[in-house]
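The values are calculated or read from the model by the stated rules, or taken from the named source; none is laboratory data. What you are looking at is a predicted structure, and each value in this text was computed from that prediction instead of being measured. Note that we place each Cβ from the backbone using ideal geometry, even for glycine, and neighbour counts take in every protein chain shown. With ligands, DNA and RNA removed, areas are computed over all heavy atoms of the protein, side chains included. Shrake-Rupley method; radii C 1.70, N 1.55, O 1.52, S 1.80 Å.
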Amino acid sequence: MTEQPGRLAAYWERQLDRLEESERNRARRLPGWRTRKHRRTLVVVLVLADLVMIAGATRFKVAPEWVFAAFWLSGLVAGGFAFLTLRVLTGRMSGSFSRQLDEREREWRHRVTYIGYQALSYLMVIALLYGLFIAGTENGGVRAAMMLSALLVTGTTIPAIVLGWSLPDDDPEDFEEGMGNA
């Protein structure tokens, strides 16, 4: 029985080592995009994509149904691209956890995680109210599910949005040192 905790700890150490290796590899990507200007452009794309998804989930009766499905899917694709690119550009802070974070990075991560949690909580209340409001309408369940998923995706992008907008430019010397050590 005493061997089990030791094996489990060794397993988690290997998993953390793999995460750190993937973070180091990801940190080498897109070196020319590691400026506040590029990150803010991606933030704008991501916010617009989130809004397009929400608009696609509303399905007003002024246009054919396929128009709003196209809005929703295009918002998902554009937002997915911007979100994944922002995760690369914001580095380790947008990941779940890392042993390599310094004090400042940990504080940023905790702060944006809390902001994201609060925003997601409010968005889920909005999704609940929207679902209750349209429950008796035609395709109410589908519309509510689309809105729930659009607001869920929007809420999960909040930490990347805050980091992408707020972080200062990377120090080029730090980035070159990391490239030289690789």
Residue hits (region 31-48; over 18 Å from the mean Cα position of the chain (by Cα) and either at pLDDT 85 or above or not in a helix (DSSP H, G or I) (or both)) are T35, K37
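Take the residues of region 69-94 that are touching a Ser or Thr at 6+ places or on another chain (Cβ under 8 Å) and open to solvent by 20 Å² or more (accessible area, probe 1.4 Å): which is modelled with the lowest pLDDT?
Among them, the one singled out is R92.
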Cβ pairs under 8 Å, 6+ apart or interchain, first in region 128-156 and within 12 Å of T58 (Cβ to Cβ) and in contact (Cβ under 8 Å) with a residue 60 or more places away in the chain, second surrounded by 13 or more Cβ atoms within 10 Å (Cβ to Cβ) and of a type in the set (F, W, Y), ordered by first then second residue, are M146/W72; M147/Y130; A150/W72
